[in-house]
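Down below is the structure, laid out as structure tokens.
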Amino acid sequence: MIERVNPPLSKDRNTEARTIIGIIGGTIAQNADGATPGESPSTPFGDASASMQTIAIGQANVLYLARHGPGHSIAPHDINYRANLWAFHEASVSAIVAMYAVGAIADILAVGDIVIPDQIIDYTWGRNGSFGEILGLNHFDFSEPFSPLVRHQLLLSGEKSSRTVHTTGTYGCTQGPRLETSAEIERLRKDGCDLVGMTAMPEAALARELSIPFGSICLVVNAAAGRGDGPIQKRTIQSAIAQGSPNLLDIVGRTVPGLKNSLG
Ligand code: HPA
């Protein structure tokens with residue numbers, strides 16, 4: 001039997017002395033540089049994907065979690081999103097920044113570009129996307145899926161980037177683990193999706209259910225199916241990640257102190 005508890009309101013999350021920012025990495029930043037090993041969190045919903053690592057960035061403490069687990073072993077549909085988000089909730093993080101590798105649907109997006117999305121369309125199925133058993137049924141507002149506060153700090157840091165940073169974009173979240181067909185991508189494009197990935201949902205919704213301000217930053221690593229020249233090659237994606245990750249991590253690294261200042 002799972003005990004019913006109330007999550008703290010976001011204003012109660014942090015004290016000035018100890019602001020903790022959560023960062024979720026996936027295909028990008030599979031292992032955070034400079035991280036120290038921490039405990040592997042166990043939650044009422046099962047175990048989180050991996051141990052959470054503590055990193056100091058400026059005056060802020062960061063808790064880093066690799067959503068695909070050690071060695072990128074957990075497929076997008078098998079990730080225990082509830083355990084991951086609950087672990088951040090138990091650690092009383094003040095905000096979360098989530099990083100994603102994505103495919104480009106919109107013509108204006110090029111490989112290596114950064115997108116700070118402002119909307120999501122969810123095409124996933126069968127993923128458990130609520131803490132209802134513990135928190136009770138809650139039809140919370142999700143009109144704007146990303147926190148304006150976290151987005152604002154990401155946008156400020158992005159302004160100093162040498163690479164193109166797109167300040168809006170609709171993230172289409174697909175089930176995976178396979179990539180999409182060209183027809184599926186065309187449908188997403190007609191729906192209004194600018195980029196495609198597999199892991200923003202239910203991550204973003206679970207953070208909202210816990211009242212944790214949540215924002216995301218995406219690195220474009222390929223043209224989505226049917227939008228480039230021929231099949232999507234794994235090595236093209238890997239090389240885009242290798243080339244683009246330092247830029248994305250630089251933006252995130254500069255976002256953390258800004259978040260601490262605005263929250264702490
Ligand atoms: N589709 C879905 N997820 C992705 C892609 C893609 O083309 N590229 C990186 N993540």
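Just one of (1) closer than 20 Å to residue 175 by Cα; (2) within 16 Å of the ligand (Cβ to nearest atom); (3) of a type in the set (Gly, Ala, Ser) fails for residue 112. It is (1).
Taking first residues from segment 170-181 that are on the phi > 0 side of the Ramachandran plot and partners that are among the aliphatic types (A, V, I, L, M), the Cβ contacts under 7 Å between residues at least 6 apart in sequence or on separate chains come to 176/75; 176/198.
Any residue at all in segment 140-150 that's more than 30 Å from residue 41 (Cα to Cα) and modelled with pLDDT of 95 or more? Within segment 140-150 (the criterion being more than 30 Å from residue 41 (Cα to Cα) and modelled with pLDDT of 95 or more), the answer is yes, since at least one residue qualifies. For segment 116-129, state whether one or more residues are on the phi > 0 side of the Ramachandran plot and more than 16 Å from the ligand (Cβ to nearest atom). So far as segment 116-129 goes, yes, one or more of its residues are on the phi > 0 side of the Ramachandran plot and more than 16 Å from the ligand (Cβ to nearest atom).
Can you confirm whether segment 153-176 contains a residue that is touching a Lys or Arg at 6+ places or on another chain (Cβ under 7 Å) and closer than 20 Å to residue 66 by Cα? No, because not a single residue in segment 153-176 is touching a Lys or Arg at 6+ places or on another chain (Cβ under 7 Å) and closer than 20 Å to residue 66 by Cα. Highlighted here are the strands (runs of 3 or more DSSP E) found entirely within segment 52-142 that include at least 1 residues which are under 14 Å from residue 195 (Cβ atoms) and not polar (S, T, N, Q): 95-104, 119-122. Residue-level check: of (1) assigned to a loop (DSSP other than H, G, I, E, B); (2) exposed (fewer than 15 other Cβ atoms within 10 Å of the Cβ); (3) among the polar types (S, T, N, Q), residue 239 misses just (1). Considering segment 197-220, and only residues there that are outside any loop (DSSP other than H, G, I, E, B) and of a type outside the set (A, V, I, L, M), the residue that is farthest from the ligand (Cβ to nearest atom) turns out to be 209. Report yes if some residue within segment 152-167 is part of a helix (DSSP H, G or I), within 19 Å of residue 221 (Cβ to Cβ), among the small types (Gly, Ala, Ser) and in contact with a helix residue (DSSP H, G or I) (Cβ under 9 Å, 6 or more places away or on another chain); otherwise report no. Yes, there is a match, as at least one residue in segment 152-167 is part of a helix (DSSP H, G or I), within 19 Å of residue 221 (Cβ to Cβ), among the small types (Gly, Ala, Ser) and in contact with a helix residue (DSSP H, G or I) (Cβ under 9 Å, 6 or more places away or on another chain).
Selection of segment 67-107 for residues being at positive phi and in contact with an Asp or Glu (Cβ under 6 Å, 6 or more places away or on another chain) yields an empty set.
Yes/no per residue for (1) at pLDDT below 95; (2) of a type in the set (A, V, I, L, M, F, W, C); (3) under 17 Å from the mean Cα position of the chain (by Cα):
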site	(1), (2), (3)
29	yes, yes, yes
60	yes, yes, no
71	yes, no, no
111	no, yes, no
122	no, no, yes
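Within the group 96, 79, which residue is surrounded by 17 or more Cβ atoms within 10 Å (Cβ to Cβ), more than 15 Å from the ligand (Cβ to nearest atom) and within 15 Å of residue 205 (Cβ to Cβ)? Being surrounded by 17 or more Cβ atoms within 10 Å (Cβ to Cβ), more than 15 Å from the ligand (Cβ to nearest atom) and within 15 Å of residue 205 (Cβ to Cβ) holds for just one of 96, 79, which is 96. Against the test of being more than 10 Å from the ligand (Cβ to nearest atom), over 24 Å from residue 93 (Cα atoms), modelled with pLDDT of 95 or more and more than 18 Å from the chain's Cα centre (by Cα), the options 192, 169 yield a single qualifying residue, 192. Taking the conditions (1) of a type outside the set (Gly, Ala, Ser); (2) over 30 Å from residue 44 (Cα atoms); (3) touching an Asp or Glu at 6+ places or on another chain (Cβ under 8 Å) in turn, residue 134 satisfies each one other than (2). Selection of first residues in segment 210-235 that are on the phi > 0 side of the Ramachandran plot and of second residues that are assigned to a helix (DSSP H, G or I) and modelled with pLDDT under 95, restricted to Cβ pairs under 8 Å at least 6 apart or on distinct chains, gives the following pairs, ordered by first then second residue: 211/10.
The values are calculated or read from the model by the stated rules, or taken from the named source; none is laboratory data. As the structure is a prediction and not an experimental result, all values here were calculated from the model. Note that each Cβ is placed from the backbone with ideal geometry, even for glycine, and that neighbours are counted across all protein chains shown.
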